[in-house]
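Structure first, then comments.
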Amino acid sequence: QAQLVESGGGLVRAGDSLRLSCAASLRTFNSAAMGWFRRAPGKEREFVAAIYRSGDTTFYSESVTGRFTIAKDNAKNTIDLQMNSLKPEDTAVYYCVANPRTSIFRADYDYWGQGTQVTVSS
């Protein structure tokens, strides 16, 4: 059974760092790609970052490029999202996703975690 469990969210100040982690079942971890989306209050779900199964190809949205880093930990079956220089506009519920049906940039992944709240105060 596919399962994604996020952890690491919280309340931080602008400029701080936070690390999100997503634990996956082995089958899910071997999906073609995994990634992160987020949904801010009153807004649509937004692509944040993605990583291919190989772990050597990554993608980022323009708004987080240079500040966020996605990585796979094959020993733990997790993907992590290191978030640096956080801004108030990064406030959102962050969702771990796996196995895209079409494009990695579209919110049509087969598997979604329950989400973890990230709040950045100014």
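Taken over the range 102-122, the criterion of being surrounded by fewer than 15 Cβ atoms within 10 Å (Cβ to Cβ) and assigned to a strand (DSSP E or B) is satisfied by D110, Q117, S121.
Taken together, S63, S17 contain a single residue that is at pLDDT 95 or above and touching a Leu at 6+ places or on another chain (Cβ under 8 Å), which is S17. Scan the range 89-101 and tell me whether some residue there is assigned to a loop (DSSP other than H, G, I, E, B), without any contact (Cβ under 8 Å) to a residue 40 or more places away in the chain, open to solvent by 50 Å² or more (accessible area, probe 1.4 Å) and farther than 18 Å from L4 by Cα. Looking for residues that are assigned to a loop (DSSP other than H, G, I, E, B), without any contact (Cβ under 8 Å) to a residue 40 or more places away in the chain, open to solvent by 50 Å² or more (accessible area, probe 1.4 Å) and farther than 18 Å from L4 by Cα, one finds none in the range 89-101, hence no. When the range 1-49 is filtered for residues that are closer than 18 Å to V93 by Cα and among the basic types (K, R), the ones remaining, listed by number, are R13, R19, R38, R39, K43, R45.
The values are calculated or read from the model by the stated rules, or taken from the named source; none is laboratory data. For clarity, every value in this text was computed on a predicted model and none was experimentally measured. When we count neighbours, we look across all protein chains shown, and the Cβ atoms used for this are built from the backbone with ideal geometry, even at glycine. The protein model used for the area step is the full one, side chains on, heavy atoms only, and it has no ligands, DNA or RNA in it. Shrake-Rupley method; radii C 1.70, N 1.55, O 1.52, S 1.80 Å.
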